[in-house]
Amino acid sequence: MTDQPSHLEKAIAEQLHSAHGLDLEAAARRAADMQHRLAPRFATWVRRELTILESRDRKRSRAQAPRPRAAAGGREFQRFSLNVRLQHAVMAVSVIFLILTGLPLKFSDLAISKGVINFFGGPDVSPIVHRVAASFLIFVGLWHLAYIALTREGRAHFMLLLPRPQDARDAWQQINYFLGRTDQRPRFDKFSYVEKFDYWAVYWGMVIMIGSGTVLWFTNQFLKVFPKWFTDIAKEAHSDEALLATLAIVIWHFYNVHFNPHKFPMNPTFITGRISEQEMIEEHPLEWERITSGAPLGPADSRPVEEKGGQR
Amino acid sequence: MRTLAPLASAALAAAAAAQPVPAPTPAPPPAAEVRQCGICHGRREFKQVDADGTARTLWVDERELRRSVHSKWHCIDCHADVDRIPHPARLAKVNCQRCHFPGNPVGAPEDVNYEGYVKSVHGRLRLAGNLKAPACQDCHGAHGVVKHTDPASQVHPTRVPATCGRCHVQIFAEYTTSAHGISLLEKGNTEAPSCSACHGEHGILPAKENASAVSATHIPETCSTCHGMTEFNLRYGIPINPVRTFRHTFHGIANELGSARVANCASCHTAHNVLSASDPRSTVNPANIPTTCGRAGCHPGANANYARGRFHIDPSSRDAGIIYWVALFFKILTISTLAGLGMHILLDLAKKLRHRHHGAATRD
């Protein structure tokens, strides 16, 4: 990796070449020099300046280009492997069943709750449905732990998902962008701070829900050892965290992947695992640059799909 | 009139069909006739001795009759099958429906409860021929019927338990020592429930039947008639709303959703022997909790851990102890998380709208 020019270096070189007329070789040398000698703070500044320039160029070219998506040439990238998509699918289905058989208990006085519970076989059968779905959720949790521990791809994904100070800066910049205080959207790698939040929120939810749910599932056994207030805490936590998780999924997750005007009616990536090049450029520019720079791909990097994606 | 006459006769015929026994016309009983019955029935020693040696008094206390709401009626208005003297040895049971039917012309209180009685467990047994099942007069009294508001009435709230207890002996014994029974019978507190406050009056159904006021699904509702009111509970030193808090437990939720297997109010507190938890005889006294929870089919093997913690928890109240703090933590977490996420969504949407508004063809 050290012999390869970094993305920043290449970007500086390109800029020196196109804007300042240096020939390619000289620009590359100059850029390498800058990269090595400039203080990190300055490098950041350069990066930002270049970003602004790039964005301006892109806007200008977009104004001329008919459609950005068409301009991307229809190339697609494989963002998520089948393994990851299956994990998501099992989790999504089990969570839907858990919510449908669980939430009516929290709102048992509503007429619709009775209808939903009766649909699942009434109050004596729906708990069994709930526990079967819970078993699948526990299973997918263990599956995921094995995935991030035992597979190269999983470990690489996990590393990319670890929160970094840059995520806080990205979030701050995103807010400023929303408020119109900057033209610059934060530039994300494979996982934006939003996606990282979603990922770690699931850890929190899984720990609370599976932990408290196990106590409730085996109340009689737990009460042999623990006092009643212990199971009462489990009940309260299970009920409250369930509502939080449901609201987060319905409001936040569904907005991001379904109701966001750019994604409506849905972002198909969770099924196909693919993402268009244009979306890559807009939403994961750092990853896109890394992939297209010719540097060797990491195990978690999205790979270009060879066949033509065309219209979706 | 010509056109009305057939109609009127049809209506009369319909009324006659609906009420097979024509109503007697109200007229003060001739004193002579009463005295005629009194010739025999006015004597205290007048009795019938059956073959097995049991004696049945046939004495009718004329003073009791005079004090009753039926004082203006003559014996044969009710004992209508007496058409000659001496009359047959065994008379038919008096049919109160002779007068007490909706729209009766004699001004008898309209018995809208009759339907309920016929469908009730008592009425069903009676109609099936079980003579031990009570008819009207078995509860309301025969010759001495007075209004139910009269403390002398057999169906006055303070006397209902004893009336029902004539047959339901064991339950009456339990009830008299319960918090409800002591309050009503010893302290004369009519706010305390008699039998009919929970079971109903005429339409009493077996607890096993879903429609019963004391069935598993209806018990919480029935208890909430009193214990659903905060001021009522506070008056009797019950600091929380026991019914509302019950409805938020797994027992209460499953009960609400129609499960008959889970514990309802009576499962833990008993039906008739309800006592304050501080009473050592109470099934919900901490010392008795393991036995109560450990009943077969519930939580076999329940131990003292079952009593370590609060019951009827209201998570929004400080009295809930640690549950209050857990609930508060999640409330704050939920509100702050959703506020943050909601704000992010709104800012995003606002930005997108602004872009559209400015006519930008770009896609951000």
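Observations on the model:
- Flag if residue A:272 is more than 10 Å from every other protein chain (Cβ to nearest Cβ) and of a type in the set (S, T, N, Q): yes
- Residue within the stretch B:94-107 that is without any contact (Cβ under 8 Å) to a residue 12 or more places away in the chain, assigned to a helix (DSSP H, G or I) and surrounded by fewer than 13 Cβ atoms within 10 Å (Cβ to Cβ) present: no
- Checking residue A:159 against (1) within 17 Å of residue A:88 (Cα to Cα); (2) more than 14 Å from every other protein chain (Cβ to nearest Cβ), the condition it does not meet: (1)
- For residue B:36: the one exception among (1) closer than 30 Å to residue B:207 by Cα; (2) at pLDDT below 85; (3) in a helix (DSSP H, G or I); (4) of a type outside the set (Val, Ile, Thr): (1)
- Residues that are more than 7 Å from every other protein chain (Cβ to nearest Cβ) and at pLDDT 95 or above within the stretch B:305-339 comprise B:324, B:325, B:328, B:329, B:331, B:332, B:335, B:336, B:339, listed in sequence order.
- Residues located in the stretch A:254-281, provided they are in a helix (DSSP H, G or I), in contact (Cβ under 8 Å) with a residue 40 or more places away in the chain, out of contact with any Gly (no Cβ under 8 Å at 6 or more places or on another chain) and not β-branched (Val, Ile, Thr): A:256, A:270, A:278, A:280
- If only residues of the stretch A:288-298 that are in contact with a strand residue (DSSP E or B) (Cβ under 9 Å, 6 or more places away or on another chain) and assigned to a helix (DSSP H, G or I) are counted, the one that is nearest to the other protein chains (Cβ to nearest Cβ) is A:288.
- Every test in (1) in a loop (DSSP other than H, G, I, E, B); (2) within 14 Å of another protein chain (Cβ to nearest Cβ); (3) out of contact with any Gly (no Cβ under 7 Å at 6 or more places or on another chain); (4) surrounded by 13 or more Cβ atoms within 10 Å (Cβ to Cβ) is passed by residue A:122 save one, and that test is (3).
- Qualifying residue in the stretch A:254-268 (condition: among the polar types (S, T, N, Q) and either in contact with a Pro (Cβ under 9 Å, 6 or more places away or on another chain) or within 11 Å of chain B (Cβ to nearest Cβ) (or both)): yes
- Selection count where residues are closer than 16 Å to residue B:156 by Cβ, part of a loop (DSSP other than H, G, I, E, B) and of a type outside the set (A, V, I, L, M, F, W, C), scope the stretch B:179-201: 8
- Tallying residues that are more than 9 Å from every other protein chain (Cβ to nearest Cβ) and either free of Cβ contacts under 8 Å to residues at least 24 places away in the same chain or surrounded by 19 or more Cβ atoms within 10 Å (Cβ to Cβ) (or both) within the stretch A:223-252 yields 5.
- Residue check for residue B:151: loosely packed, with under 13 Cβ neighbours inside 10 Å, in contact with a Ser or Thr (Cβ under 8 Å, 6 or more places away or on another chain) and outside the structural domain of residue B:210 (by TED's automatic domain parsing): yes
- Check on residue A:122, at pLDDT 90 or above and in contact with a Ser or Thr (Cβ under 8 Å, 6 or more places away or on another chain): yes
- Search result, residues across the stretch B:132-148 that are within 17 Å of the chain's Cα centre (by Cα) and assigned to a loop (DSSP other than H, G, I, E, B): B:134, B:148
- Residue check, residue A:220 in the same structural domain as residue A:127 (by TED's automatic domain parsing) and over 16 Å from the mean Cα position of the chain (by Cα): yes
- For residue B:170: the one exception among (1) in the same structural domain as residue B:66 (by TED's automatic domain parsing); (2) outside any loop (DSSP other than H, G, I, E, B): (1)
- Scanning the stretch B:251-284 for residues that are of a type outside the set (Gly, Ala, Ser) and surrounded by fewer than 18 Cβ atoms within 10 Å (Cβ to Cβ), we see that the one that is farthest from residue B:179 (Cα to Cα) is B:261.
- Test result for residue A:134, surrounded by 16 or more Cβ atoms within 10 Å (Cβ to Cβ), small (Gly, Ala, Ser) and at pLDDT 95 or above: yes
- Filter result for residue B:212 (modelled with pLDDT of 90 or more, among the small types (Gly, Ala, Ser) and not assigned by TED's automatic domain parsing to the domain that holds residue B:165): yes
- Some residue of the stretch A:126-137 being in contact with a Lys or Arg (Cβ under 6 Å, 6 or more places away or on another chain), among the aliphatic types (A, V, I, L, M) and in contact (Cβ under 8 Å) with a residue 40 or more places away in the chain: no
- Tally, over the stretch A:198-208, of residues that are within 12 Å of chain B (Cβ to nearest Cβ) and surrounded by 16 or more Cβ atoms within 10 Å (Cβ to Cβ): 4
- Of everything in the stretch A:157-197 that is out of contact with any Ser or Thr (no Cβ under 7 Å at 6 or more places or on another chain) and among the polar types (S, T, N, Q), the residue that is surrounded by the most Cβ atoms within 10 Å (Cβ to Cβ) is A:174.
- For the stretch A:115-172, the set of residues classified as acidic (Asp, Glu) and in contact with a helix residue (DSSP H, G or I) (Cβ under 7 Å, 6 or more places away or on another chain) consists of A:167, A:170, listed by residue number.
The values are calculated or read from the model by the stated rules, or taken from the named source; none is laboratory data. Since the model is a prediction, treat every value here as computed from it, not as a measurement. With ideal geometry, Cβ positions are generated from the backbone for all residues, glycine too; neighbour counts draw on all protein chains shown.
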